[in-house]
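Engineer: Structure incoming, see below.
The values are calculated or read from the model by the stated rules, or taken from the named source; none is laboratory data. Please read these numbers as outputs of a predicted model, since none were measured by experiment. A quick note on method: Cβ atoms are made from the backbone with ideal geometry, for glycine too, and the neighbour counts reach across all protein chains shown. Side chains included, ligands, DNA and RNA excluded: accessible areas come from the protein's heavy atoms. Shrake-Rupley method; radii C 1.70, N 1.55, O 1.52, S 1.80 Å.
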Amino acid sequence: AQSVTQLDSHVSVSEGTPVLLRCNYSSSYSPSLFWYVQHPNKGLQLLLKYTSAATLVKGINGFEAEFKKSETSFHLTKPSAHMSDAAEYFCVVAGSSNTGKLIFGQGTTLQVKP
Amino acid sequence: GAVVSQHPSRVICKSGTSVKIECRSLDFQATTMFWYRQFPKQSLMLMATSNEGSKATYEQGVEKDKFLINHASLTLSTLTVTSAHPEDSSFYICSARTLAGAFYEQYFGPGTRLTVT
């Protein structure tokens, strides 16, 4: 079965400093992995996705993530945080057999301090 | 880009009444739609998978008679919360899946905040 674990429930950074949100996955086959962002009382926006192509994936708003099979990780990074990045971030793995089911991590709240 | 809408965005209802939430794909046809539930400060939990013209598939622990799903067309799925109770208060989010090139893409609606008083 597929699963994801987000290692930090809350991350706090200062504006202009790097962001690192950690995610480990478990999958019995080559996974499809995603990062979504959710601003308060809003729906989800796809930041980036990995689907077995390049291991370094670039997304929107300066975010990127690196798929590391040896470490079963898919950490999200951004070189310089902006106040507007404050939100909830979800690491997601696609379920098995191409059903379209998505399995969400518990989420990481990113706080950006001025 | 692909847009998914939900209506209403917020609804308050009295305990014992039923509430219908619509999920529409505005500019594409969705082969499959999904319904999620999100409690405050928690993650999304998949409730059911909805395919056009067939019965929805519910996740373990989700009462199908409580949460009625109808997928009448390739652009519309509805979730009806029957005989709502305060514990049904939650944020309900739908997503719609479509084939884009060689891969499926999934797009999320903005969510519906249900409050049962």
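Engineer: Does segment B:49-73 hold any residues that are over 16 Å from residue B:91 (Cβ atoms), open to solvent by less than 60 Å² (accessible area, probe 1.4 Å) and not polar (S, T, N, Q), and which are they?
Structural biologist: Selection gives B:56, B:58, B:59, B:66, B:69, B:71.
Engineer: Hey, another quick one. Can we say residue B:29 is more than 13 Å from chain A (Cβ to nearest Cβ), at pLDDT below 95 and open to solvent by 50 Å² or more (accessible area, probe 1.4 Å)?
Structural biologist: Taking the combined requirement at face value, the residue satisfies it.
Engineer: Checking residue A:65 against (1) assigned to a loop (DSSP other than H, G, I, E, B); (2) open to solvent by less than 60 Å² (accessible area, probe 1.4 Å): exactly one of these is not met. Which one?
Structural biologist: That leaves (1) as the condition not met.
Engineer: What do you reckon, is residue B:61 under 28 Å from residue A:32 (Cβ atoms) and either facing chain A (nearest Cβ under 9 Å) or over 10 Å from the mean Cα position of the chain (by Cα) (or both)?
Structural biologist: So residue B:61 fits the description; yes.
Engineer: Something else about it: Given the structure, is residue A:94 within 10 Å of another protein chain (Cβ to nearest Cβ) and modelled with pLDDT under 95?
Structural biologist: yes
Engineer: Could you tell me which numbered condition residue B:20 fails, if it satisfies all but one of (1) surrounded by 20 or more Cβ atoms within 10 Å (Cβ to Cβ); (2) more than 14 Å from chain A (Cβ to nearest Cβ)?
Structural biologist: Here residue B:20 meets the rest and fails (1).
Engineer: Output the number of the condition that residue A:111 fails; it satisfies all remaining conditions of (1) more than 19 Å from residue B:105 (Cβ to Cβ); (2) open to solvent by less than 70 Å² (accessible area, probe 1.4 Å); (3) among the polar types (S, T, N, Q).
Structural biologist: Only one criterion in (1) more than 19 Å from residue B:105 (Cβ to Cβ); (2) open to solvent by less than 70 Å² (accessible area, probe 1.4 Å); (3) among the polar types (S, T, N, Q) is unmet by residue A:111, namely (2).
Engineer: Could you tell me whether any residue of segment A:72-88 is under 21 Å from residue B:105 (Cα atoms) and within 14 Å of chain B (Cβ to nearest Cβ)?
Structural biologist: There is no residue in segment A:72-88 that is under 21 Å from residue B:105 (Cα atoms) and within 14 Å of chain B (Cβ to nearest Cβ).
Engineer: Can I ask one more? When residues of segment A:1-55 are filtered for being open to solvent by 70 Å² or more (accessible area, probe 1.4 Å), touching a residue at least 60 places away in the same chain (Cβ under 8 Å) and part of a strand (DSSP E or B), how many remain?
Structural biologist: 2
Engineer: Please specify each residue of segment A:97-114 satisfying the condition of being within 12 Å of chain B (Cβ to nearest Cβ), β-branched (Val, Ile, Thr) and over 18 Å from residue A:7 (Cβ atoms).
Structural biologist: Within segment A:97-114, just A:99 meets the criteria.
Engineer: Take the residues in segment B:32-48 that are at the interface with chain A (Cβ under 9 Å from one of its Cβ atoms) and open to solvent by 70 Å² or more (accessible area, probe 1.4 Å), then tell me which one is farthest from residue A:110 (Cα to Cα).
Structural biologist: Only one residue fits best here, namely B:45.
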